[in-house]
Amino acid sequence: MPRPEASVYMGIDPGLVTTGYGVLEYCEGTPRLLDAGVISSSADDTLALRLDELFCGIVEVIEKFHPEAMGIEELYSHYRHPMTAIRMAHARGVLCLAAVRNGVRPVELPATRIKKLLTGNGRAAKEQVAGMVRHLLGIRGEIRPNDVTDALAAAIAAYESESNDRKLKRIGRGDG
């Protein structure tokens, strides 16, 4: 019997000092953890050097696993500190550029959609999301740092969102 088609999804939790990433392989709808970790840069470096470190680090992960899509949280507009939003936008831009330049489709999702896809509640607490990530991936202990948990949540949500979209298209066309 031929092996069912596998899909590789990556999730990102962007940051200039620490960017979390997680890479999952889906086979028949079941996720398997391939890799997870962080890309770090020094807060003492210039913004340009930090962005370069982020770009090179994420390209390395992309080239190793060849994901088809990358889940990433959308920016929200109500930041208490506007400079944080601007810096986060720089990081997100570099990550999305790295993805597109390497044939990876960015899947941008609001935080509430990520939470809803994982827990059924768009206002779920971080602990609920982390618990569901561990449950879905069969991980017993805590996942550290939280950036990695958030990245894995983004990968799961990207897969689920696209899977739901595919189902809706089939139903809409009368194929399903």
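The values are calculated or read from the model by the stated rules, or taken from the named source; none is laboratory data. Keep in mind that this is a model prediction, so the values were computed, not measured. As a convention, Cβ positions derive from the backbone with ideal geometry for all residues, glycine included, and neighbour counts pool all protein chains shown.
Okay, here's what the table says:
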quantity	calculated
In region 8-56, the residues that are among the hydroxyl-bearing types (Ser, Thr, Tyr) and over 24 Å from residue 94 (Cα atoms)	26, 30
Candidate set from region 25-79 (those that are hydroxyl-bearing (Ser, Thr, Tyr) and farther than 30 Å from residue 132 by Cβ); member that is surrounded by the fewest Cβ atoms within 10 Å (Cβ to Cβ)	46
Single residue of region 134-156 satisfying the filter (charged (D, E, K, R) and assigned to a loop (DSSP other than H, G, I, E, B)) that is surrounded by the most Cβ atoms within 10 Å (Cβ to Cβ)	142
Neighbours by Cβ (under 8 Å, 6+ apart or cross-chain): first from region 138-160, over 22 Å from residue 106 (Cβ atoms) and of a type in the set (Asp, Glu); second surrounded by fewer than 24 Cβ atoms within 10 Å (Cβ to Cβ) and modelled with pLDDT of 95 or more	142/130; 142/134
Which numbered condition residue 147 misses (of (1) over 14 Å from the mean Cα position of the chain (by Cα); (2) modelled with pLDDT of 95 or more)	(1)
